[in-house]
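To keep things clear, I will list the structure first and then write my remarks on it.
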Amino acid sequence: MRQDASRRSGDVRFIGALMGRYLLASRKNRSHRVHVFACRLQSISPQMMVASAPVLGAPGEELSANFEPFGTIRGHIDRLIDGGFSMTIETSAEERTLLIKRIGWYKKRVFHGVADKRAHRRLMPRDPRSTILMADGSRLPCLIIDMSRSGAAISADIQPDFGTPLAVGRVLARVVRWLDVGFAVQFLTEQDTESLEDRLHAPVED
């Protein structure tokens with residue numbers, strides 16, 4: 001019976017988009033740099049988490065991530081994927097039991113249509129990965145936290161000054177405020193929501 005219960009608990013998994021934040025061990029002691037970044041969950045189980053992220057770290061690096069339904073999760077990067085990473089979760093037996101319960105609880109809420117309503121107030125792109133183009137021509141990978149006709153919230157390895165001109169994908173914008181995990185931009189012209197996500201994606205280079 002114990003083996004069956006353990007096997008069932010290992011099968012608990014949530015697959016879906018959920019915004020969170022993460023901290024890489026290599027960034028903890030760096031001054032004058034962004035320390036906490038936004039990430040978007042792809043899947044989570046009691047043993048492993050996969051997320052899209054703007055700053056990838058290195059395989060084996062320790063990190064901690066926080067998602068509101070699951071709390072703080074600690075572990076190390078298992079491998080890098082396109083625009084993100086997979087993380088091996090390291091917990092005590094008690095913490096793992098709690099995580100199993102939280103995953104199961106959240107999974108039921110989502111599948112029964114009662115997920116946190118705040119997640120629907122903002123428009124999340126299907127693919128959050130993009131590129132920032134700075135005025136000096138430099139490019140930087142970023143993650144689009146959310147977007148609207150007039151602006152977007154961005155997480156990247158940079159914290160531009162207010163008023164800084166830049167482009168997110170092919171959309172021209174200016175930085176209007178800082179966030180805990182990045183910054184917000186206002187588009188220079190209001191965008192059509194039907195084509196916005198395509199325009200925010202990084203253009204394919206020849």
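The values are calculated or read from the model by the stated rules, or taken from the named source; none is laboratory data. Just so it is clear, the structure is predicted and the values come from calculations on it, not from any experiment. Ideal geometry is used to build each Cβ from the backbone, glycine not excepted, and the neighbour counts take in all protein chains shown.
Going through D180, D161, D192 one at a time, which residue ends up being over 23 Å from Y22 (Cβ atoms) and touching a Lys or Arg at 6+ places or on another chain (Cβ under 8 Å)?
D192 is the lone residue from the list that is over 23 Å from Y22 (Cβ atoms) and touching a Lys or Arg at 6+ places or on another chain (Cβ under 8 Å).
To keep it simple, each residue is scored yes or no on (1) modelled with pLDDT of 95 or more; (2) outside the structural domain of G20 (by TED's automatic domain parsing); (3) in contact with a helix residue (DSSP H, G or I) (Cβ under 9 Å, 6 or more places away or on another chain).
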| position | (1), (2), (3) |
| --- | --- |
| A38 | yes, no, no |
| I44 | yes, no, yes |
| A53 | yes, no, no |
| L56 | no, no, no |
| N66 | yes, no, no |
| P69 | no, no, yes |
| I81 | no, no, no |
| S86 | yes, no, no |
| A93 | no, no, no |
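In this structure, does L63 turn out to be touching a His at 6+ places or on another chain (Cβ under 8 Å) and either in a loop (DSSP other than H, G, I, E, B) or buried (at least 20 other Cβ atoms within 10 Å of the Cβ) (or both)?
yes
Which of the residues spanning the stretch 85-108 are within 22 Å of the chain's Cα centre (by Cα), assigned to a helix (DSSP H, G or I) and not basic (K, R)?
If the condition is that a residue be within 22 Å of the chain's Cα centre (by Cα), assigned to a helix (DSSP H, G or I) and not basic (K, R), then L99, I100, I103, G104, W105, Y106 are the ones that fit.
How many residues are assigned to a strand (DSSP E or B) and within 21 Å of V181 (Cβ to Cβ) when one looks only at the stretch 66-84?
Counting residues in the stretch 66-84 that are assigned to a strand (DSSP E or B) and within 21 Å of V181 (Cβ to Cβ) gives 12.
Any residue at all in the stretch 183-195 that's without any contact (Cβ under 8 Å) to a residue 40 or more places away in the chain, β-branched (V, I, T), in contact with a Pro (Cβ under 7 Å, 6 or more places away or on another chain) and buried (at least 17 other Cβ atoms within 10 Å of the Cβ)?
Taking every residue of the stretch 183-195 in turn, none turns out to be without any contact (Cβ under 8 Å) to a residue 40 or more places away in the chain, β-branched (V, I, T), in contact with a Pro (Cβ under 7 Å, 6 or more places away or on another chain) and buried (at least 17 other Cβ atoms within 10 Å of the Cβ).
Report, by residue number, each residue of the stretch 66-77 that is surrounded by fewer than 20 Cβ atoms within 10 Å (Cβ to Cβ) and more than 20 Å from K28 (Cβ to Cβ).
Hits for the stretch 66-77 are E68, P69.
From I144, I132, which residue is in contact with a helix residue (DSSP H, G or I) (Cβ under 9 Å, 6 or more places away or on another chain), under 19 Å from G83 (Cβ atoms), modelled with pLDDT of 95 or more and among the β-branched types (V, I, T)?
I144
Among the residues of the stretch 119-164, which ones are among the β-branched types (V, I, T) and within 25 Å of E68 (Cβ to Cβ)?
The answer is I144, I145, I154.
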